[in-house]
Every structure is written in structure tokens, then in C-alpha cells.
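In what follows, a single structure is set out as C-alpha cells and then discussed.
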Amino acid sequence: MKIRHLALQSAGLALCCPLLAGAGQEEARGFIEDSRINALVRNYYRNNDYRDRDKDGREWAQGLQLDYRSGYTPGPLGFGLDAHAYFATKLDSGGGRARTQLLVSDGAGHSRDESATAGAALKMRWSNTELKYGDLRPQNPVLALADSRIMPATASGFAFTSREAEGLLVEGGHFTAARDFNQTGHRGGFYAGYAGVEGGDVDYLGGTYQVHPQIGLSLYSARYEDLWRQHHVNLNLDQPLDADAYRSLNLDLNLYRSLDDGQALAGDIATTAWSAALALKSGPQTFTLAHQRIHGNQPFDYLALGGGGFHDSIYLANSSLIADFNGPGERSWSLGYKLDFAPLGMPGLSLNTRYIRGSHVDGRRVPVGSPYRYYADNEKHWERDIDVRYVLQTGPAKDLSLTLRQGTHRIRGTSDGNVDHIRLITEYPFSLL
């Protein structure tokens with residue numbers, strides 16, 4: 001049975017279970033009364049310094065995001081509308097430097113001076129179950145669209161979420177087209193990111209359950225038509241150690257299993273990927289140790305869209321700013337450190353840094369003729385990321401944030417390159433209604 005049929009059945013089950021019904025729709029005040037408009041002004045500088053290539057990528061842009069969310073009409077069954085409009089203006093770019101995917105391309109090697117896109121979605125709610133159809137931004141382990149440039153990406157289709165039982169979220173969706181974060185049209189396709197091959201529609205079904213205040217469990221399944229079927233399991237354990245010292249231990253386990261589907265346009269796929277991350281939080285500091293492994297003759301691949309950008313459909317611990325450490329047979333370790341400066345008298349300031357090292361990449365495993373046949377034998381690489389963020393806590397510019405991200409990647413192999421990466425992002429969110 002196809003996943004979209006399962007999704008429709010699950011949505012129907014949620015809509016027909018009054019014993020589980022909550023008060024979500026009962027609290028609806030009206031389409032206009034509960035409406036809101038949120039805005040985000042984003043200034044973004046991005047620099048990709050390719051150490052072993054002749055040309056780098058360097059661009060600077062200004063963006064504006066407007067998101068409208070209507071309320072629901074009163075009654076047992078409520079109806080509403082969501083809409084958005086995104087704008088981008090080029091501040092600095094040029095021929096030969098438009099290699100950051102920050103802005104919309106003009107098709108001739110340059111970025112457009114200005115670009116804009118808009119979309120909308122109809123929505124319906126009964127109790128605590130919502131069904132939406134239109135341009136959406138799904139966020140889950142098997143289909144997560146990124147907001148990592150000036151404009152967020154969107155996908156066209158339907159999705160439902162149901163929270164009829166306490167601690168349980170069930171969701172599913174069916175999508176037929178997409179718009180990447182560097183595109184304005186809404187008819188783009190879904191791609192295998194590392195294979196560079198376009199598939200068909202995307203379906204997913206899954207959910208999360210809070211088994212205990214310290215134990216969370218999630219299970220998802222997805223189908224990328226003619227590419228692969230993918231299953232994901234997550235177990236998250238949070239154990240307080242010393243409440244007075246704000247000390248706790250967290251264990252996060254992720255497992256993916258991917259198998260080729262239909263015409264198998266990316267070739268035969270049988271990959272298992274897993275990661276385990278152990279984080280010790282002590283007051284304002286968090287220390288994280290993670291291990292990740294890829295089993296199979298292909299890399300662990302995941303979603304990309306028509307603009308060539310990778311997205312967030314990879315919840316493995318060592319997926320990072322530049323690399324994902326997901327080559328065939330790869331093993332990787334990482335050490336991370338976070339510091340919240342609020343207890344030190346500087347609220348709003350935070351530091352996040354980590355170091356990842358990968359090895360045992362075996363390009364000989366990849367079959368001849370496979371689109372993944374670009375890995376060398378015994379590749380090794382490492383990455384270091386630094387993230388500094390400050391959010392204003394008071395005053396007329398409250399919630400204004402400044403973020404500096406720097407990443408360095410070095411590799412001995414053929415699947416990627418050496419790069420020094422910088423992002424400087426300023427964001428100011430505010431409400432218009």
C-alpha cells in the first residue's frame with residue numbers, strides 16, 4: 001500500500017475519533033480575529049573560499065519574509081488560509097562569484113538584482129487535527145525543507161498533523177512539486193542530492209510520542225518515487241543528574257534505512273545509516289560526543305531540490321555546516337561544545353563549536369555506472385565549525401540577532417573539496433498584526 005494512502009487513512013482516522021478529541025477547534029475565535037502577520041528582515045553575507053579551485057563564491061543580499069496565518073472559522077469544522085511572500089535584493093555579487101546559491105540565478109552565471117515569490121495554502125481543522133493543501137514547509141526527519149539562504153524553500157501538496165492524544169503527534173503528506181530557496185517558480189522537482197537525479201512525487205507518514213517526560217520516540221517512513229524508500233527511527237533519552245547544578249545527560253539515537261524504489265533512477269540502494277550522540281549539560285555548558293556510521297555500497301543520500309541546494313532531511317549527528325560525513329562505509333566522530341553566556345552576565349550571547357573527523361570511506365564499493373561513482377578509496381576528511389550568536393534582549397531593537405558562522409573543511413579524496421566558509425547573518429523578526 002502506498003504511503004499516501006496510509007496518510008489519508010491516518011488523517012481520516014484522526015477526524016473520526018471523537019473520544020480523543022481535544023479543544024483545539026473549540027477555541028477558534030474566527031478567521032479574522034485569530035489572524036496574524038509575521039515578518040522577518042534578513043541580511044546575509046556568504047563566502048565560499050575554495051582552496052583548490054580558481055574561483056570562489058561570494059555574495060551579499062537583503063531579504064524580507066512576510067507570513068500570514070489566518071484564524072479558523074468557528075464551529076466543529078474550521079477553515080482558514082495561510083499565505084507568504086518572500087523578497088530578495090542583491091547587494092554584492094558578480095560574474096564568477098555567484099556560486100553560493102544565496103540568490104536566484106539569471107541563467108547566465110549571474111544572480112538577479114531582485115526576485116520575489118509568493119504562495120498560499122488552504123487549511124481545515126477539526127479538534128486537534130489540521131489538514132493543509134498548497135505551498136508548505138514540512139519539517140521532519142524524512143522531508144525537511146531548509147531556510148538557510150535568503151528565502152525559505154516550499155513544497156506543493158497536502159499535509160496533515162494530528163495531536164488528538166496527549167504526547168502523540170501523527171503527521172503525513174503527499175507532495176508533487178517544489179520551489180528551492182534560490183528559485184521563484186513552484187514547479188521544480190525532487191532530487192537525490194548526492195546522485196543528482198530527479199525522481200517523482202514524495203510521500204511520508206510518521207509521528208513522535210513522548211513515552212515519558214525523559215523519553216521521546218519517533219518513527220517515520222517516506223517514499224521518493226523512483227528513487228528510494230526511507231525509514232527513520234529516533235530515540236531520545238534525557239536524564240537529570242543534579243537539578244541544583246543544572247546538570248543532565250542526553251542520549252540521541254538516529255537510524256535510517258534506505259532501499260531503492262520503482263525505476264531506481266539513482267541505482268541500486270541498500271544503505272543503513274546511524275548515529276549516537278551523548279551530551280552532558282552542566283550549567284551554561286554542553287559537551288557532546290557523537291559517532292556515526294554508514295553501512296552499504298552507496299552514500300546515505302537525501303533530498304535536494306531543483307536549485308541544487310541540499311536541505312535538512314538528514315537528522316544524523318555529524319551532518320554539519322559543510323559536509324555530512326555520509327560516504328559509503330564511512331565512520332566519523334565529533335566533539336562539540338556549547339556555551340550560554342547568560343549565567344555569566346551576558347544574556348543573548350552563545351557559542352557553539354565542534355570538530356568532526358571521517359574515515360574508512362570506500363569508493364570501491366560503489367558499482368561501476370552508479371551516479372555515486374565519484375568517491376576515492378579510503379577517503380579521509382575533517383571539519384571544524386564555529387557559531388557565535390547574539391540576540392538583543394531589550395530596547396527598540398529587541399530580538400534582533402547577529403550570527404557569525406565559520407566552517408573549515410579539508411579532505412584527502414575526490415568526493416568533495418577543501419573550503420573555508422563564512423556566513424554573517426542579521427535577522428530582525430517583528431509582528432505586523
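The values are calculated or read from the model by the stated rules, or taken from the named source; none is laboratory data. All values derive from a computational prediction rather than experimental measurement. In this analysis, Cβ positions are derived from the backbone assuming ideal geometry, glycine residues included, and neighbour counts consider all displayed protein chains. We work out accessible area using only protein heavy atoms, side chains counted, and drop any ligands, DNA or RNA first. Shrake-Rupley method; radii C 1.70, N 1.55, O 1.52, S 1.80 Å.
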Out of SER350, SER332, sole residue that is hydroxyl-bearing (Ser, Thr, Tyr) and either closer than 30 Å to MET151 by Cβ or open to solvent by 30 Å² or more (accessible area, probe 1.4 Å) (or both): SER350
Region 22-71, subset open to solvent by less than 60 Å² (accessible area, probe 1.4 Å) and either over 29 Å from TYR428 (Cβ atoms) or in a helix (DSSP H, G or I) (or both), residue modelled with the highest pLDDT: TYR50
Scope region 258-294; condition over 30 Å from ALA342 (Cβ atoms), assigned to a strand (DSSP E or B) and in contact with a Phe, Trp or Tyr (Cβ under 9 Å, 6 or more places away or on another chain); matching residues: SER258, LEU259, ASP260, THR271, THR272, ALA273, TRP274, HIS291, GLN292, ARG293, ILE294
Selection from region 375-395 of residues that are touching a residue at least 40 places away in the same chain (Cβ under 8 Å), over 23 Å from the mean Cα position of the chain (by Cα) and open to solvent by 70 Å² or more (accessible area, probe 1.4 Å): GLN393
MET124, sole failed condition from (1) within 30 Å of GLU59 (Cα to Cα); (2) surrounded by fewer than 22 Cβ atoms within 10 Å (Cβ to Cβ): (1)
All positions within region 396-431 that are open to solvent by less than 50 Å² (accessible area, probe 1.4 Å) and either charged (D, E, K, R) or outside any strand (DSSP E or B) (or both): ALA397, LEU400, GLY413, SER415, GLY417, ASN418, ASP420, ARG423, GLU427
Selected residue (criterion: surrounded by the most Cβ atoms within 10 Å (Cβ to Cβ)) from residues of region 93-120 that are in a loop (DSSP other than H, G, I, E, B) and in contact with a Leu (Cβ under 7 Å, 6 or more places away or on another chain): SER93
Scope region 232-261; condition modelled with pLDDT of 95 or more, surrounded by fewer than 17 Cβ atoms within 10 Å (Cβ to Cβ) and of a type in the set (Asp, Glu); matching residues: ASP238
Output for region 209-231, where each listed residue is under 30 Å from THR176 (Cβ atoms), open to solvent by 40 Å² or more (accessible area, probe 1.4 Å) and either part of a strand (DSSP E or B) or among the hydroxyl-bearing types (Ser, Thr, Tyr) (or both): TYR209, LEU219, ARG229, HIS231
Pair list, Cβ < 9 Å and 6+ apart or interchain, from region 287-315 residues that are at positive phi to residues that are outside any loop (DSSP other than H, G, I, E, B) and among the β-branched types (Val, Ile, Thr): GLY296/THR271; GLY296/THR272
Failed item in (1) surrounded by 15 or more Cβ atoms within 10 Å (Cβ to Cβ); (2) among the aromatic types (Phe, Trp, Tyr); (3) in contact (Cβ under 8 Å) with a residue 40 or more places away in the chain, with TYR355 passing the rest: (3)
Check on ASN250, touching a residue at least 24 places away in the same chain (Cβ under 8 Å), under 30 Å from TYR372 (Cα atoms) and out of contact with any Cys (no Cβ under 9 Å at 6 or more places or on another chain): no
